[in-house]
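Enquirer: First, the structure itself, so that you have it in front of you.
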Amino acid sequence: MYRGPTTSKGPSTPAHIYQQPPRLLIVHVTLPSWADVCSNLCEALQNFFSLACSLMGPSRMSLFSLYVVQNQHECILPFVQVKGNFARLKTCISELRMVQREGCFRPQNTSLKLAVEDGLQQFKQYSRHMNTSAALTYTSLEITVLTSQPGKEVVKQLEEGLKNIDLGRVRRLQVVEITKGVLECMDSAFPVEELSNDESSSLGIDIDLQTIDNDTVSMEIFFKAWLHNSGTDQEHIHLLFPSGCFSNFSRARDNPLCLKCDLQERLLSPSLLPGTADGSLRMDDPKGDFSTIYQMASQSSASPYKLQVVKALKFSGVCESLMYGLPFILRPTSCWQLDWDELETNQQHFHALCHSLLKREWLLLAKGEPLSLGQSQRAPASTFYVIMPSPSLTLLVKAVATRELMLPSLFPLLPEDPPDDSLKTVESVLDSLELEPTYNPLQVWSHLYSHLSSTLAKPQGRLQSSRESRTLRKAGQLQANRVRATVAPLPVTPAPGRAPKMPAAQKAPWEGFLLPSNEEEEEEYP
């Protein structure tokens, strides 16, 4: 989605292909719907963070903070680095589980606005105390408001409340409405709406409105989008077509057609996760398979990585055993530095290519841009790829074997007629199997989340039972066991019948970045 130059800030570096901007999640709690949402949301968050904290290599998520808004706003997790902090994140999720599910309270119209303002203030404070190199990563913040209220009403409430607030450091402001539907398929697109220009002009930033279903799988998919490279500073791939029957890289500048594409992972490599069957084979290389196009493109930050189309292939003429590595998705770029006419023309050409390849039942064979290794004068090796069309506006890219990689494989042809007895036996066995028209990975699970959670868990001191925690909450004493906010919270109007809270931070701002020193907090966050 094109947003203009304000949506992505900071210099382009190879790390940007991995690391996402700091994120602030605001959970807008409303009764009685919270009782239906709470367990699904907490399970999805714990599953997601068990995955995000386990990924080897450069961190894909930098900072994360969590606020809860009921009758007033409350920070239950100040900004922390995601990687290496699973214990704190898990404790934060446990706090979220204990948020009131029944009863009633009088909502404060300003609570949501104050949560955004307070979170933004914390982020600025955190950024000011980072060293120069780290501060470049924390130039802008993405804010997500998760609510079960009608999304358009929440958007209007934010628009009205944030009119006079400086949102220059906010990269994206998003409202996500949780609906009561159930996810039916993996690739179902979540509808996204935007305010009109007149409505959003007063804020200087677009507010996205998105809906997700109230089930764990849908929420997991939403959070996993945070692991994608969503930067729009530069297109990732240039797909170059030859002017004649064949063209090499020295003539690339003469090519009549160049499609500018963004690259997206189809799935996470098991080699990036500890303890998995595939990951144990590549524990020495946290980046995964170096030959993948994703790794190649991540090292080509000065200019987009180039794929040179060599020839077309019949779809039926490529054996799947010759393809290797993880697949990747190409889609038309949304780089904000391109003008509207170029973006539109590029998308139209991309659309026409997908349509024509499907109609002809063709694949494309492409040569990856060779990467020179060190000062060697030898010709660098290249990787070849097959590019496959799909019914969606995407192309699938997979590495394909070359002569140097092939081993002798002599397989006898399949005889036409097997023995009758064997045929009847095997067909009887096959007929007893349950037949599904498609493979849905969302219906197949390997208990990876529980494995990662137990791997990340560390021995802890005595933890409070949920009953003890509820008792302390009623007594107003639980605040001492929470992580302190990095800045003093904004003043709030106390709810009727409830004693006002004392300010949580009375010390110098930088002291809030230190781990709590009292005995109880050390037990919770070893």
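Enquirer: Given the condition under 29 Å from the mean Cα position of the chain (by Cα) and closer than 24 Å to S321 by Cβ, answer yes or no: does some residue in the range 403-426 qualify?
Expert: Checked against the condition, which is being under 29 Å from the mean Cα position of the chain (by Cα) and closer than 24 Å to S321 by Cβ, the range 403-426 yields no hits at all.
Enquirer: Residue under question is S59, and the condition is that it be modelled with pLDDT of 95 or more and closer than 21 Å to M130 by Cα; does it hold?
Expert: no
Enquirer: Another question, if that's okay. Determine whether S54 is touching a Leu at 6+ places or on another chain (Cβ under 8 Å), modelled with pLDDT of 95 or more and among the small types (G, A, S).
Expert: no
Enquirer: Could you check the range 60-82 and list, in sequence order, the residues that are of a type in the set (S, T, N, Q) and under 22 Å from the mean Cα position of the chain (by Cα)?
Expert: Passing the criteria: S62, S65, Q81.
Enquirer: For the range 48-70, give me each residue that is open to solvent by less than 20 Å² (accessible area, probe 1.4 Å), outside any strand (DSSP E or B) and of a type outside the set (F, W, Y).
Expert: Correct list: S50, L51, A52, C53, S54, L55, R60, S62.
Enquirer: For T493, are the conditions met, namely being of a type in the set (S, T, N, Q), modelled with pLDDT under 50 and either open to solvent by 100 Å² or more (accessible area, probe 1.4 Å) or in a loop (DSSP other than H, G, I, E, B) (or both)?
Expert: For T493, the condition - of a type in the set (S, T, N, Q), modelled with pLDDT under 50 and either open to solvent by 100 Å² or more (accessible area, probe 1.4 Å) or in a loop (DSSP other than H, G, I, E, B) (or both) - is met.
Quick grid of which residues meet (1) assigned to a strand (DSSP E or B); (2) aromatic (F, W, Y); (3) open to solvent by 30 Å² or more (accessible area, probe 1.4 Å); (4) closer than 13 Å to T383 by Cβ:
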position	(1), (2), (3), (4)
L313	yes, no, yes, no
S316	no, no, yes, no
P327	yes, no, no, no
Q337	no, no, yes, no
D341	no, no, yes, no
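Enquirer: Of all the residues that make up the range 71-90, how many are surrounded by fewer than 21 Cβ atoms within 10 Å (Cβ to Cβ) and assigned to a loop (DSSP other than H, G, I, E, B)?
Expert: Total satisfying the criteria: 4.
Enquirer: Separate question: Within the range 264-283, can one find any residue that is at pLDDT below 70, open to solvent by 20 Å² or more (accessible area, probe 1.4 Å) and among the β-branched types (V, I, T)?
Expert: Checked the range 264-283: at least one residue is at pLDDT below 70, open to solvent by 20 Å² or more (accessible area, probe 1.4 Å) and among the β-branched types (V, I, T).
Enquirer: Examine the range 12-20 for a residue that is of a type in the set (G, A, S), modelled with pLDDT of 95 or more and either assigned to a helix (DSSP H, G or I) or crowded, with 18+ Cβ neighbours inside 10 Å (or both), and state whether such a residue exists.
Expert: no
Enquirer: Here's a check for you: in the range 343-375, which residue that is touching a residue at least 60 places away in the same chain (Cβ under 8 Å) and part of a helix (DSSP H, G or I) is farthest from K260 (Cα to Cα)?
Expert: Among those residues, the one meeting the criterion is L353.
Enquirer: Find the residue count for the range 158-178, including only residues that are in a helix (DSSP H, G or I) and open to solvent by 60 Å² or more (accessible area, probe 1.4 Å).
Expert: Residues that pass the stated criteria total 1.
Enquirer: Only residues that are open to solvent by 90 Å² or more (accessible area, probe 1.4 Å) and not in a helix (DSSP H, G or I): list them for the range 397-422, please.
Expert: M406, L407, P408, L410, F411, P412, L413, L414, P415, E416, D417
The values are calculated or read from the model by the stated rules, or taken from the named source; none is laboratory data. Everything quoted here is computed from the prediction, not taken from an experiment. Backbone-built Cβ (ideal geometry, glycine too); neighbour counts: all protein chains shown. All accessible areas refer to the heavy atoms of the entire protein, side chains included, with ligands and DNA or RNA removed. Shrake-Rupley method; radii C 1.70, N 1.55, O 1.52, S 1.80 Å.
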